[in-house]
Amino acid sequence: MTDQHFSAHARTRTGRSHQGVGHVDEHHDERFTVVGNHLAQHSELSLTAIGLAVHIHSLRSGTLVGIKALAAKFPEGETRIASALRELETHGYLARIKERLPSGRIVTRTISYNKPRTHTAPRPPKPHSDPPRTPTPPPAVPPQPHDLPAHRTARDVLAGLRTHDPRLHLSEQDVRRLAPAVATWLERGVTPEDVRRTLSAGMPQDGVRHPAGFLAHRLTALLPPSLPAARPEPPRPAPLQNCDDCDRAFRAATPGRCRGCSTTHEARAVAA
């Protein structure tokens, strides 16, 4: 919503016709607003919405254009003005943005567009008269435990222990037998490096006679607990809506009236 400062050619056009409207156009040097025919001749907007758009477009920036402020100027009433504002929002001539002030109060900021905003919709897929048939894939064979990524990583951890301490030299058979226990550690969030460090730390000074048995004991005795389950996210609050009567922001699943305006509306209906 900004002031209009356009320069117009100084010319006078007079039109006269035996049928339809005639025009007498005079040049404006000040206090004028340029309005596009896309708005003035819009085939889907009501006359109330078109007139309201022209009025808002002519106002200075910062002028209040809430439902109550507009209803105080014009005889259409709050219901028709609220409906016209929704029309302008639907067709891209108006946007109402909710903002939270430092005090925590939620207010609505209105933006007027002299050209409607366009929204590019995705193109629908072209229909196929006879779509090609997709062959049914054969059922997948579930991977065996020793082929799972965790088990492959576990075997790498066990096989690499001898590079940290030669006393932890394992045979191929020992690696395959201990891999499921190491995979359990990995599934509980322990990194391969932490598993390797834990298994090789604090080795007995007199050495290890049976590395596989020693590691099997440590894998069982030092097994960490499972990580706690993630807490479910709290339910999200209902979206903010603009009251159809007072334009105040409130939370609800669908547009309509706030609680105060709904109570007043029901009271008036009962009284009538």
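Only the coordinates and a few stated rules stand behind these numbers; no lab work does. From a predicted model like this one, the values you see are computed outputs, not experimental measurements. Every residue, glycine among them, receives a Cβ derived from its backbone with ideal geometry; neighbour counts consider all protein chains shown.
What's the center-to-center distance, using Cα atoms, between the range 82-96 and the range 49-64 in Å? Here the two parts' Cα centres lie 12 Å apart. In the P(r) worked out for the range 149-272, what percent of Cα pairs fall beyond 20 Å? In whole percent, the share of Cα-Cα pairs in the range 149-272 beyond 20 Å is 60. The label point for GLU26 and the one for LYS115, both projected 7 Å from the Cα toward the Cβ, are 3.2 nm apart.
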